[in-house]
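The values are calculated or read from the model by the stated rules, or taken from the named source; none is laboratory data. Computed from a prediction, not measured in an experiment: that's the story for all the values here. Note: ideal-geometry Cβ built from the backbone for every residue, glycine included; neighbour counts use all protein chains shown.
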Amino acid sequence: NIKGIIFDLDGVICSTDEYHYQAWKSIADEEGIYFDRNINERLRGVSRAESLEIILERATASYSPEQKAALMEKKNNIYRELLKNMGPRDVTEEVRSTLRKLREKGYGLSIGSSSKNTRFILERTGLTDAFDGISDGNMISRSKPDPEVFIKAAGILGLKNDDCLVIEDAVSGIDAANAAGFHSVGIGPAAEYEGAEFKIQNLSEILDI
Ligand code: BG6
Ligand code: MG
């Protein structure tokens with residue numbers, strides 16, 4: 001009796017991890033902190049502030065809250081410049097047609113993303129109207145694995161948690177979904193995670209769940 005589907009954005013609907021990587025990399029280089037694509041994997045699904053803490057694990061200096069805020073702002077400015085390269089072509093036809101078909105079937109569709117840039121990314125890729133609800137990083141005070149962002153999404157759709165599927169590429173997102181009684185679907189890295197109730201390789205497979 002699934003009535004709604006809540007999608008993580010980065011890594012599920014489109015891929016922004018390379019832009020996150022490039023933006024954080026230039027911050028890390030400037031600060032003389034080692035950072036690579038492997039460490040970048042740990043930033044999947046993690047908030048901006050927690051991402052910075054992961055990067056600072058390798059720093060020798062210590063940073064004040066003000067310095068951290070400045071670094072986060074700088075990173076976000078670089079990231080948003082990079083996001084301007086995004087357009088409709090950054091969403092695959094498979095993703096678009098899956099969203100269309102799910103809507104035709106009458107499911108409520110929402111985004112559930114930790115990103116404060118969610119609306120900007122949806123606008124750039126021309127997807128704003130594909131969703132009935134948007135729950136994002138601007139609306140929450142606790143990030144994944146806390147389920148707050150998904151609970152807000154279910155609320156926007158007017159559905160109970162266990163009537164919704166959550167689609168996630170991050171382990172923290174699967175944990176968040178499970179913690180509040182959502183059905184969880186792992187894609188990409190999260191398809192390897194035993195905590196995921198369903199595992200898919202391509203988004204169109206949710207049409208068969
Ligand atoms: C998530 C990404 O969607 O959003 C994380 O997977 C990112 O890597 C987080 O840190 C916060 O994004 P933003 O756009 O608010 O800095
Ligand atoms: Mg993600």
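Out of (1) away from ligand 1 (no atom under 14 Å from the Cβ); (2) assigned to a loop (DSSP other than H, G, I, E, B); (3) touching a helix residue (DSSP H, G or I) at 6+ places or on another chain (Cβ under 9 Å), what's the single condition that is false for T60?
Of (1) away from ligand 1 (no atom under 14 Å from the Cβ); (2) assigned to a loop (DSSP other than H, G, I, E, B); (3) touching a helix residue (DSSP H, G or I) at 6+ places or on another chain (Cβ under 9 Å), only one is false for T60: (3).
From the list A176, A190, A196, A154, pick out the single residue that is among the aliphatic types (A, V, I, L, M) and in a loop (DSSP other than H, G, I, E, B).
After ruling out the rest, the residue left standing is A196.
Tell me whether region 132-147 contains one or more residues that are in a helix (DSSP H, G or I) and at negative phi.
no
Which condition number does G4 fail, the rest of (1) out of contact with any Gly (no Cβ under 6 Å at 6 or more places or on another chain); (2) away from ligand 2 (no atom under 13 Å from the Cβ) being met?
(1)
Restricting attention to region 39-56, report how many residues are polar (S, T, N, Q), at pLDDT below 95 and assigned to a helix (DSSP H, G or I).
Of the residues in region 39-56, 1 are polar (S, T, N, Q), at pLDDT below 95 and assigned to a helix (DSSP H, G or I).
Please specify each residue of region 34-53 satisfying the condition of being more than 22 Å from E148 (Cα to Cα) and hydrophobic (A, V, I, L, M, F, W, C).
Matches in region 34-53: F35, I39.
Residues in region 108-132 that are out of contact with any Gly (no Cβ under 6 Å at 6 or more places or on another chain) and more than 24 Å from N76 (Cβ to Cβ): how many?
Within region 108-132, residues that are out of contact with any Gly (no Cβ under 6 Å at 6 or more places or on another chain) and more than 24 Å from N76 (Cβ to Cβ) number 3.
Let's see how each residue does on (1) touching a Phe, Trp or Tyr at 6+ places or on another chain (Cβ under 8 Å); (2) free of Cβ contacts under 8 Å to residues at least 40 places away in the same chain; (3) buried (at least 19 other Cβ atoms within 10 Å of the Cβ); (4) of a type in the set (S, T, Y):
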| site | (1), (2), (3), (4) |
| --- | --- |
| V91 | no, no, yes, no |
| E94 | no, no, no, no |
| I111 | yes, no, yes, no |
| T125 | no, no, yes, yes |
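Out of everything in region 179-188 that is without any contact (Cβ under 8 Å) to a residue 60 or more places away in the chain and not hydrophobic (A, V, I, L, M, F, W, C), what residue ends up being farthest from ligand 2 (Cβ to nearest atom)?
G181
Filter region 1-35 for residues that are within 15 Å of ligand 1 (Cβ to nearest atom) and either touching a His at 6+ places or on another chain (Cβ under 7 Å) or without any contact (Cβ under 8 Å) to a residue 40 or more places away in the chain (or both) and give the result.
Hits for region 1-35 are D17, E18, Y21, K25, A28, F35.
Taking into account only those residues within region 1-38 that are part of a helix (DSSP H, G or I) and among the aliphatic types (A, V, I, L, M), which is surrounded by the fewest Cβ atoms within 10 Å (Cβ to Cβ)?
I27
Okay, residues lined up against (1) β-branched (V, I, T); (2) assigned to a strand (DSSP E or B); (3) touching a His at 6+ places or on another chain (Cβ under 7 Å); (4) away from ligand 1 (no atom under 16 Å from the Cβ):
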position: R80; (1), (2), (3), (4): no, no, no, no
position: N85; (1), (2), (3), (4): no, no, no, no
position: R96; (1), (2), (3), (4): no, no, no, yes
position: R100; (1), (2), (3), (4): no, no, no, yes
position: R103; (1), (2), (3), (4): no, no, no, yes
position: S110; (1), (2), (3), (4): no, yes, no, no
position: K116; (1), (2), (3), (4): no, no, no, no
position: R119; (1), (2), (3), (4): no, no, no, no
position: L122; (1), (2), (3), (4): no, no, no, no
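Quick grid of which residues meet (1) crowded, with 20+ Cβ neighbours inside 10 Å; (2) within 16 Å of ligand 2 (Cβ to nearest atom); (3) farther than 21 Å from G108 by Cβ; (4) not basic (K, R):
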position	(1), (2), (3), (4)
P147	yes, yes, no, yes
G155	no, no, no, yes
A170	yes, yes, yes, yes
A177	yes, yes, no, yes
A190	yes, yes, yes, yes
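In the set R48, R80, R103, which member is surrounded by 11 or more Cβ atoms within 10 Å (Cβ to Cβ) and under 30 Å from N1 (Cα atoms)?
R103
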